[in-house]
């Protein structure tokens, strides 16, 4: 399995506990805090890229690095570099490709998603997934197709129609290990025993590997 670049977009250092979990669940990964340093190695050195969540919003003008990371997204699409966007990353990918993101209700709990079509990154993933977000993708980016929805989001997960690019609004890295970190987390009607969302990261790594072998 090749090396995957994990970009941490969290702007508040005290909240940087999720992207390191992505790196932990992807043993062959290179963790980089993009919100502080946009100088990353050439994408050609990696077999895939994961863009993390963030307390920032993609439409914030206070963070000039967001525009730079949109260029990273566009390069991945153009060069066929596998990319997975998580939460903020899901929004950023769609935003970079001309979609729209708006502020909505803050959610920090389990939700139920409905898978809309077969997708290799969502393969085997159950409907119960953890979310930590307020913003929503209301219009998908160019070339992006909805792969899952919830009762409040029609674009809960997306993929690119031709490039190896996938996005999920939920947090596959959010497990019981870090469940006590968000001050407002509430299990609601579900539990971690019902959730296998972390397998998204395994599926993505396998998708990267299949493209190396092809």
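The values are calculated or read from the model by the stated rules, or taken from the named source; none is laboratory data. All values derive from a computational prediction rather than experimental measurement. Please note: Cβ atoms are built from the backbone with ideal geometry, for glycine as well, and neighbour counts cover all protein chains shown.
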- Please work out if residue 140 is surrounded by 15 or more Cβ atoms within 10 Å (Cβ to Cβ), modelled with pLDDT of 95 or more and more than 17 Å from residue 58 (Cβ to Cβ). no
- Which number in (1) closer than 26 Å to residue 78 by Cβ; (2) free of Cβ contacts under 8 Å to residues at least 60 places away in the same chain; (3) touching a helix residue (DSSP H, G or I) at 6+ places or on another chain (Cβ under 9 Å) marks the one condition that residue 157 misses? (2)
- Query: Out of the stretch 163-209, which residues are within 22 Å of residue 75 (Cα to Cα) and either without any contact (Cβ under 8 Å) to a residue 60 or more places away in the chain or in contact with a helix residue (DSSP H, G or I) (Cβ under 8 Å, 6 or more places away or on another chain) (or both)?
  - Reply: 163, 164, 165, 166, 167, 168, 169, 201
- Note on the structure: For the stretch 120-137 the number of residues that are surrounded by fewer than 21 Cβ atoms within 10 Å (Cβ to Cβ), part of a loop (DSSP other than H, G, I, E, B) and in contact with a helix residue (DSSP H, G or I) (Cβ under 7 Å, 6 or more places away or on another chain) is 4
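Here is a list: 63, 32. Which entry is over 18 Å from residue 157 (Cα atoms) and in contact with a strand residue (DSSP E or B) (Cβ under 6 Å, 6 or more places away or on another chain)? Spell out how you get there, then give the answer.
On the way: 63 fails: in contact with a strand residue (DSSP E or B) (Cβ under 6 Å, 6 or more places away or on another chain).
Result of the check over 63, 32: 32.
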- Message: Looking at 37, 14, 9, can you tell me which residue is closer than 21 Å to residue 132 by Cβ and over 18 Å from the mean Cα position of the chain (by Cα)?
- Response: 14
- Message: If I filter the stretch 143-165 for residues that are surrounded by 15 or more Cβ atoms within 10 Å (Cβ to Cβ), over 16 Å from the mean Cα position of the chain (by Cα) and part of a strand (DSSP E or B), do I get at least one hit?
- Response: no
- Applying the selection to the stretch 196-214, what residues are assigned to a loop (DSSP other than H, G, I, E, B) and more than 17 Å from the chain's Cα centre (by Cα)? 214
- Message: Suppose we filter the stretch 134-154 for residues that are over 23 Å from residue 110 (Cα atoms) and touching a residue at least 60 places away in the same chain (Cβ under 8 Å); how many remain?
- Response: 1
